[in-house]
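The values are calculated or read from the model by the stated rules, or taken from the named source; none is laboratory data. Since we're looking at a predicted model, the values are computed, not measured. Cβ coordinates were reconstructed from backbone atoms using ideal geometry, including for glycine residues, and neighbour counts include every protein chain displayed.
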Amino acid sequence: MKSLNSQINSQINSQIRTIAMEMGVDAVGFAPIAQVADSEIARYKNWLSHGNHASMSYLERYMEQRQHPQLLLPQASSVIILAVSYYPPQRQDATAPKVAKYALGRDYHKVMKRLLLGLADRIHSEVAPHTYRAMVDTAPFLERYWAEQSGIGFIGHHRNLIVPEVGSFLFLGELLTSLRLESDQSCSHSCHDCQRCLKACPTGALTEEGLNAHRCINYLTIEHRGAIPSELAQRFGRRFYGCDTCQDVCPYNQSPKPASLFTPFPQLLHLDRKDLEELDEKHYATLFYGTAMTRAKLPEMQRNTEVYLSNNPE
Ligand code: SF4
Ligand code: SF4
């Protein structure tokens, strides 16, 4: 028989899940906050020590906070994980300069933050008062690890979180909260012996040990500043900004849940060669302001254009 505490806990989880689903969230998980497992920290440090994070030095900072999330909010007892599909209902033309699906719509930082703050308010007024902190890529928090702890899904070889019924084209957001919440689900799925993403990666950026950002088109076209090594650039094909290949081939993404909160911007959906050829400050603003694509500035977009035009002569 369930204890009174666990009955209360599952009632609270279900109230929070109902509110989140009403707001358009696709999956919700809960996990009590504790120190991150030593094995996970060792894996993470080992990945960094091989330089796999390339120039993203921010990933090395705040290791204490990554290991002890209570340093991010002293009152935190638990974390609520939200997963929201960004799989676009419409696709770019087959011949268009390819933009990663996550970047076709409104800047997800703003949308997810608003969602998290809205949920936190409704929990406060409709479930129980609490102290919280909302995070969307904005804190040193091992979000995919915590998503696994919540039982919402698992991390695939392509290093994205897979929620089996939804796919992996997901934005994640987290609420650290003072409420005491327990996980109420577990995930029995895994990659098993599938290696499709490892084999499909055009630049050999993925191994079973993880991602080598130096070779990843997402990193090279978005985060990296300066020239792209030609040995890699010539393998980009039609990819202009980001890359979805390892997720596109994943069997868990054969019927991804379409996004309800993210709609592609028409100017990105219909991006064409002429847009790239004309790319200057004015066109950059018209095409990209309000989207997550401003992560790459004009010089990087012009560099990506050169790569695209060289790989795709008329
Ligand atoms: S995003 Fe593209 S380049 Fe990066 S690991 Fe996946 S398939 Fe490889
Ligand atoms: S493609 Fe296969 S190996 Fe890669 S993440 Fe998906 S299930 Fe795992």
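Structure notes:
- Taking the listed residues Glu165, Glu209, Glu174, the one that is surrounded by fewer than 17 Cβ atoms within 10 Å (Cβ to Cβ) and either more than 30 Å from Glu231 (Cβ to Cβ) or at pLDDT 95 or above (or both) is Glu165, with no other qualifying.
- On the stretch given as the range 196-219, residues that are near ligand 1 (Cβ under 7 Å from one of its atoms), over 17 Å from the mean Cα position of the chain (by Cα) and part of a loop (DSSP other than H, G, I, E, B) total 4.
- Lone unmet requirement of (1) modelled with pLDDT of 95 or more; (2) of a type in the set (A, V, I, L, M); (3) closer than 21 Å to Phe171 by Cβ for Leu298: (3)
- Of the criteria (1) over 19 Å from the mean Cα position of the chain (by Cα); (2) surrounded by 15 or more Cβ atoms within 10 Å (Cβ to Cβ); (3) in contact (Cβ under 8 Å) with a residue 60 or more places away in the chain, which one Ala128 fails: (2)
- Of all the numbered requirements in (1) more than 16 Å from ligand 1 (Cβ to nearest atom); (2) crowded, with 18+ Cβ neighbours inside 10 Å; (3) within 30 Å of Asn46 (Cα to Cα); (4) not charged (D, E, K, R), Ala227 misses one, and that requirement is (2).
- Selection status of Asp137, without any contact (Cβ under 8 Å) to a residue 40 or more places away in the chain and either buried (at least 22 other Cβ atoms within 10 Å of the Cβ) or closer than 30 Å to Gly237 by Cα (or both): yes
- Within the range 170-195, being polar (S, T, N, Q) and part of a strand (DSSP E or B) holds for one residue alone: Thr177.
- If you go through the range 142-194 and keep only what is under 17 Å from Cys250 (Cβ atoms) and among the polar types (S, T, N, Q), you end up with Asn160, Ser168, Ser190.
- Against the conditions (1) more than 18 Å from the chain's Cα centre (by Cα); (2) within 16 Å of ligand 1 (Cβ to nearest atom); (3) among the small types (Gly, Ala, Ser), Ser168 satisfies every one except (1).
- Selection from the range 79-136 of residues that are charged (D, E, K, R) and farther than 26 Å from Asn311 by Cβ: Arg106, Asp107, Lys110, Lys113, Arg114, Asp121, Arg122, Glu126, Arg133
- Taken over the range 28-63, the criterion of being under 16 Å from Ile155 (Cβ atoms) and part of a loop (DSSP other than H, G, I, E, B) is satisfied by Val36, Ala37, Asn52.
- The range 199-212 residues that are among the β-branched types (Val, Ile, Thr), paired with ones that are modelled with pLDDT of 95 or more and near ligand 1 (Cβ under 10 Å from one of its atoms) (beta carbon under 6 Å, 6 or more apart): Thr203/Arg215; Thr203/Leu232; Thr203/Arg235
- If only residues of the range 282-292 that are in contact with a helix residue (DSSP H, G or I) (Cβ under 6 Å, 6 or more places away or on another chain) and at pLDDT 95 or above are counted, the one that is nearest to Thr95 (Cα to Cα) is Leu287.
- Within the range 246-264, the set of residues being crowded, with 19+ Cβ neighbours inside 10 Å and closer than 21 Å to Ala94 by Cβ comprises Cys246, Gln247, Cys250, Asn253, Pro256, Ala259, Pro264.
- Of all residues in the range 290-314, those that are under 10 Å from Leu276 (Cβ atoms) have Cβ atoms under 7 Å from Cβ atoms of residues that are not aliphatic (A, V, I, L, M) and not in a loop (DSSP other than H, G, I, E, B), 6 or more apart or on another chain, in Met301/Tyr284; Asn304/Thr221; Asn304/Phe240; Asn304/Tyr241; Tyr308/Phe240.
- Selection of the range 122-144 for residues being more than 16 Å from ligand 2 (Cβ to nearest atom) and within 30 Å of Arg215 (Cα to Cα) yields Met135, Val136, Asp137, Thr138, Ala139, Pro140, Phe141, Leu142, Glu143.
The rows are residues; the columns are (1) surrounded by fewer than 22 Cβ atoms within 10 Å (Cβ to Cβ); (2) in a helix (DSSP H, G or I); (3) without any contact (Cβ under 8 Å) to a residue 24 or more places away in the chain; (4) of a type in the set (Phe, Trp, Tyr).
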site	(1), (2), (3), (4)
Val111	yes, yes, no, no
Ile123	no, yes, no, no
Gln149	yes, yes, no, no
Arg159	yes, no, no, no
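- Residue in the range 220-250 that is farthest from the chain's Cα centre (by Cα), counting only those that are of a type in the set (S, T, N, Q) and closer than 21 Å to Leu170 by Cα: Thr221
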